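Asks: Below: one structure in structure tokens.
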Amino acid sequence: MVREVEVVVVGAGQAGLAAAYHLRRFYEPGTGFAVLDHAPHAGGAWQFRWPTLTFATVNGVYQLPGMAVPEPEASTPVAGVISDYFAAYEREFDLRVQRPVSVRSVRSLPDGRLEVGTDRGAWVAKALVNATGTWERPFWPRYSGQESFAGRQLHTAQYRGPREFAGERVAVVGGGISAIQHLMEIHPFAAATAWVTRRPPQWRDGEFNPDRGREAVAMVEERVRRGLRPQSVISVTGIPQTPQIRAAREAGVLERLPVFDRIEPGGLRWDDGRFASVDAILWATGFRASLDHLAPLRLRGPGGGIVMDGTRVAADPRVHLVGYGPSASTVGANRAGRAAVREIRELLKRDDPVSAGRR
Ligand SMILES: Cc1cc2nc3c(=O)[nH]c(=O)nc-3n(C[C@H](O)[C@H](O)[C@H](O)COP(=O)(O)OP(=O)(O)OC[C@H]3O[C@@H](n4cnc5c(N)ncnc54)[C@H](O)[C@@H]3O)c2cc1C
């Protein structure tokens, strides 16, 4: 079955819903635009976040356009609240997200439209807003001897809280906020923790003000404009020293070790002879953009990145990536959704002989 619409949005996280909100102002849901998502419920990746990620520990969830985000007690887990909020949002603005629908490939048709192939048939559209996030592409670096490790290895994407590490010696690998949060949570339960990062952490003093935020976003934007892989905004801004982080540093929980040279069955080995016995390695090594379904469009350059102009793929104006690179935050996703829809409307007006004749 093939359904024809003007625009398809893939993904109903913050970025996809923000785009859908703006599309809804100009197009009918179902016939003008379709939002496809393969998760079982509303909530984007938030529905899968670990139960100990609460409103106290999360960086801050910015509201979707047009509806205030709930502000529950700080100790409330984020996952359920944000999922309910997204569900209410979809109802309020009649966005008619179709789920579970898994987009498998997007290809160009000879008539210039895009065919979005899914496990529930195809959609044909003139433009695509891709909002598939990163959660489904956890990044696992490879180290010598990794397969020989006798303990347990897991990624942030599989983390469910600190209690399962009770009495264990745990190494957390990675230099971002997730690694720090894992260490602060696990330390009281574990027999010992070790923190391993490639580079010494860059602690940030002072408030994170909007100017510093904009500066960091501009730096990530500059990378994607040059077709380089996006870095996370936090890797550009440094790590904020909240009172909790400061206390953890003072308590010695965040003493950092450089990356080991190999993994042995019982733990981590450095070439200078040091050895750390560990029972579990938690890889907090980040995520990559989930874009495999766009492969038939050949958007990637030789360095593996996609050259971007704002949210638009420079080589293909039909395709916008939102929640990608500089817009990979809840506030950035909102702005990207609006910008993508504005440009898509211009593109569709140009291609429409009736509106083109009027100009
Ligand atoms: C642990 C963690 C904590 C974070 N904390 C914060 C924070 O406090 N504040 C903040 O601003 N940002 C935070 N971020 C970043 C934040 O999650 C994102 O910026 C934002 O929520 C992502 O929204 P998104 O719409 O881009 O992606 P997602 O929420 O991941 O949504 C993508 C959607 O696309 C769907 N999808 C993917 N592939 C397909 C496909 N092939 N077919 C159909 N559907 C598909 C998925 O089912 C999903 O619903 C955090 C990220 C992580 C990993």
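The values are calculated or read from the model by the stated rules, or taken from the named source; none is laboratory data. No experiment lies behind these values; they were computed from the predicted model shown. So basically every Cβ, Gly included, is an ideal-geometry build from the backbone, and we count neighbours across all protein chains shown. We work out accessible area using only protein heavy atoms, side chains counted, and drop any ligands, DNA or RNA first. Shrake-Rupley method; radii C 1.70, N 1.55, O 1.52, S 1.80 Å.
Asks: For segment 297-337, what is the accessible area per residue in Å², given a 1.4 Å probe and the full set of protein chains?
Replies: 39
Asks: Relative contact order of segment 124-278, please, whole-number percent, based on alpha carbon pairs below 8 angstrom and at least 6 residues apart.
Replies: After rounding, I find 28 percent.
Asks: By how many degrees, between 0 and 90 and to the nearest 10, does the Cα long axis of helix 330-351 differ from the longest principal axis of the chain?
Replies: 20
Asks: Using Cα-Cα distances under 8 Å and only pairs 6 or more residues apart, what relative contact order does the chain have, in percent?
Replies: 22
Asks: While we're looking at this one, here's another question. State whether segment 263-359 is rounded, prolate or oblate according to the following rule on the C-alpha gyration tensor (a ≥ b ≥ c being the square roots of its eigenvalues): a/c under 1.5 gives rounded; otherwise a/b larger than b/c gives prolate, and the remaining case gives oblate.
Replies: Prolate.
Asks: Hey, another quick one. Could you work out what % of the accessible surface of segment 88-211 is carbon and sulfur, using a 1.4 angstrom probe and leaving DNA, RNA and ligands out of the count?
Replies: 48
Asks: OK, next. For the chain, just list the percent of Cα-Cα distances falling in each 10 Å bin from zero outward, please.
Replies: 5, 23, 30, 24, 13, 4, 1, 0
Asks: Farthest toward the dipole's positive end in segment 77-119, which of 117, 97, 81, given Cβ charges of +1 (Lys, Arg) and -1 (Asp, Glu) about the Cα centre?
Replies: Looking along the dipole axis, the top candidate is 117.
Asks: Next question. Mind pulling the angle between the C-alpha long axis of helix 14-24 and the longest principal axis of the chain? Nearest 10 degrees, somewhere in 0 to 90.
Replies: Approximately 10 degrees, to the nearest ten.
Asks: Here is a follow-up. Going highest first, how would you order 194-200, 178-184 by mean Cβ packing within 10 Å?
Replies: Packing order, densest peptide first, comes out as 178-184, 194-200.
Asks: If you don't mind, another one. Which semi-axes, in whole Å and largest first, does the equivalent ellipsoid of segment 94-139 have when worked out from the alpha carbon gyration tensor as the square roots of 5 times its eigenvalues?
Replies: Sorted largest first and rounded, they come to 20, 15, 11 Å.
Asks: If I stretch the segment between residue 88 and residue 144 completely, what's the gain in nm (0.36 nm per residue apart, minus their alpha carbon distance), one decimal?
Replies: Numbers: separation 56, 0.36 × 56 = 20.16 nm, distance 4.76 nm.
So the chain would gain 15.4 nm between residue 88 and residue 144.
Asks: Provide the per residue accessible area, probe 1.4 Å, for segment 1-137, rounded to a whole number of square angstrom.
Replies: Spelled out: the 1.4 Å probe surface of segment 1-137, per residue, equals 44 Å².
Asks: With the Cα gyration tensor of segment 302-354 giving a ≥ b ≥ c as the square roots of its eigenvalues, does the rule (a/c under 1.5 for rounded; else a/b larger than b/c for prolate; else oblate) give rounded, prolate or oblate?
Replies: Judged from the Cα gyration tensor, segment 302-354 comes out oblate (a/c at least 1.5, b/c at or above a/b).
Asks: How are the Cα pair distances of segment 4-127 distributed, in percent, across 5 Å bins from 0?
Replies: 2, 11, 21, 20, 17, 12, 8, 5, 2, 1, 0
Asks: Can you tell me which of 84-90, 6-12, 99-105 comes out highest on packing, and rank the rest after it, using the mean Cβ neighbours within 10 Å?
Replies: The most tightly packed comes first, giving 6-12, 84-90, 99-105.
Asks: Right, something else. Along its principal axes, what span do the Cα atoms of segment 107-246 show, with the longest given first and each in whole Å?
Replies: In descending order, the Cα extents are 62, 42, 28 Å.
Asks: Another one. Is the shape of segment 186-325 best called rounded, prolate or oblate, per the rule: a/c under 1.5 gives rounded, else a/b larger than b/c gives prolate, else oblate, with a ≥ b ≥ c the square roots of the Cα gyration tensor eigenvalues?
Replies: oblate
Asks: May I pose another question? Can you give me the angle between helix 177-186 and the longest principal axis of the chain, using Cα atoms only, in degrees from 0 to 90, rounded to the nearest 10?
Replies: 40
Asks: Could you list the square roots of 5 times each eigenvalue of the Cα gyration tensor of segment 156-206, that is, the equivalent ellipsoid semi-axes, sorted largest first and rounded to whole Å?
Replies: They are 21, 11, 10 Å, listed largest first.
Asks: Now a separate question. Ranking request for peptides 320-331, 133-144: highest mean number of other beta-carbon atoms within 10 Å first, then the rest in descending order.
Replies: 320-331, 133-144
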